[in-house]
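Structure record follows, encoded as structure tokens.
What follows is calculated from the coordinates using simple rules that are stated; it is not laboratory data. Predicted model, so just to flag it, every value in this text is computed and none were measured. Every residue, glycine as well, gets a Cβ built from its backbone with ideal geometry; the counts of neighbours run over all protein chains shown.
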Amino acid sequence: MMETERIEEYLLAHSDEESELLKALNRDAHVNLLRPRMIAGHLQGRVLKMFCRMMRPERVLEIGTYTGYATLCMAEGLEEDARIDTIEINDEMEDFIRKYLDPSPDKGKIRLHFGDAMEVIPRLEGTFDLIYIDADKRKYVDYYDLVFTRLRQGGLILADNTLWSGKVVEEGSHTDGQTAGILEFNEKIKRDTRIEKVILPLRDGLTMIWKK
């Protein structure tokens, strides 16, 4: 076993466990979905829950629901009267998402929307305290520009996959749109003076962006 795998096992063994619902979702995704690695997973899920515990946000926006794993993790950490608006572009995921959302004790905190986030977000009312971006990497800059004015001062954006399997440090030009999108986003965040930011080397990279 590689050292990194042993360390990850140790981290999970000394962190809170997933709920039985999340364990079932994880197994189901790995058996029946083509890209199960896209789910947030145990460790990142506990981190997302902890962010919600610490920040106590009233309004959360998630761009990219996929299976709903991260959604459920964040909902666990929210107060009873808080709400997550989560957006998924692929409506074929609805049956899978609702299979685990409906029996969750936190389902009342979650509002599920299907469609292009660029079209759905303008229809949502109010501002947000926490925004989690984990969708089409080619549109990260567009998502950021769209939601920035909807994030309250002192609010937090979390952007996933910002190391993109190490492609961000590979030599040569990147012709695929996803890698180019992440590189453009990372450079934009680096130059933005309206925020404080740090990239955490958690799984595939998680960027924390705090609005001044």
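Per Stokes-Einstein, at 10 °C and 1.306 mPa s, what whole-number D in µm² s⁻¹ belongs to the chain, with the Kirkwood radius over Cα pairs as the hydrodynamic radius?
Taking Rh from Cα pairs, D becomes 90 µm²/s.
Using the crude model of +1 on Lys and Arg Cβ and -1 on Asp and Glu Cβ, and no other charge, please compute the dipole size for the stretch 128-200 relative to its Cα centre, in debye to 20.
The calculated dipole for the stretch 128-200 is roughly 260 debye.
What percent antiparallel are the DSSP beta bridges of the chain, to the nearest 5?
Roughly 35 percent of the DSSP beta bridges within the chain come out antiparallel.
Would you calculate a helix-derived [θ] at 222 nm for the chain, using -39,500 (n - 2.57) for each DSSP H run of n ≥ 4 and dividing by the full residue count, to the nearest 500?
Result for the chain: -11500 deg cm²/dmol, rounded to the nearest 500.
How high is the relative contact order of the chain? Use alpha-carbon pairs under 8 Å, at least six apart in sequence, and give a whole percent.
Dividing the mean separation by the residue count of the chain yields 16 percent.
Determine, from the Cβ-Cβ distance of Thr193 and Met55 and an R0 of 25 Å, the FRET efficiency 1/(1 + (r/R0)^6), rounded to the nearest 0.05.
E between Thr193 and Met55, to the nearest 0.05, is 0.65.
My understanding is that a pair violates if its Cα-Cα distance is over 19 Å; which of Lys190/Lys212; Lys109/Lys137; Lys107/Lys211; Lys23/Lys167; Lys49/Lys190; Lys49/Lys212 do that in this structure?
From Lys190/Lys212; Lys109/Lys137; Lys107/Lys211; Lys23/Lys167; Lys49/Lys190; Lys49/Lys212, over 19 Å: Lys109/Lys137; Lys107/Lys211; Lys23/Lys167; Lys49/Lys190; Lys49/Lys212.
State the Kirkwood hydrodynamic radius of the stretch 1-104 in Å, one decimal place, computed from all pairs of distinct Cα atoms.
For the stretch 1-104, the Kirkwood estimate is 14.5 Å.
How far is it, in nm, from the label point at Arg98 to the one at Leu34 when both lie 7 Å from their Cα along the line to the Cβ?
Between Arg98 and Leu34, the label points sit 2.3 nm apart.
Over the stretch 89-212, what is the percentage of antiparallel beta bridges among all DSSP beta bridges, to the nearest 5?
Expressed as a percentage, antiparallel bridges in the stretch 89-212 total about 70.
Extension gain Gln178-Ala24, at 0.36 nm per residue separation less the Cα-Cα distance, in nm?
52.5 nm
Mind ranking 16-29, 56-69, 185-198 by how tightly packed they are, going by the mean number of other C-beta atoms within 10 angstrom, highest first?
Ranking the peptides 16-29, 56-69, 185-198 by packing returns 56-69, 16-29, 185-198.
At 0.36 nm per residue, and after removing the present C-alpha to C-alpha distance, how many nm does the segment from Glu119 to Thr149 gain when stretched out fully? Numbers along the way, then the final one.
Details: separation 30, 0.36 × 30 = 10.80 nm, distance 1.57 nm.
Length gained, Glu119 through Thr149: 9.2 nm.
Answer with one residue from Phe148, Ser19, Gly205: the one whose Cα lies farthest towards the positive end of the charge dipole of the chain, charges on Cβ with Lys, Arg +1 and Asp, Glu -1.
It is Phe148, whose Cα lies furthest towards the positive end.
How big is the charge dipole of the stretch 84-147 about its Cα centre, in debye rounded to the nearest 20, if each Lys and Arg gets +1 on its Cβ and each Asp and Glu gets -1 on its Cβ?
Here the stretch 84-147 has a charge dipole of around 160 debye.
In debye, nearest 20: dipole of the stretch 27-185 around its Cα centre with unit charges on the Cβ of K, R (+) and D, E (-)?
In debye, rounded to 20, the stretch 27-185 gives about 460.
Once you place label points 7 Å from the Cα toward the Cβ at Leu43 and Ile7, how far apart are they in nm?
0.8 nm
How far is the Cα center of the stretch 16-60 from the Cα center of the stretch 80-128, in Å?
Between the Cα centre of the stretch 16-60 and that of the stretch 80-128, the gap is 15 Å.
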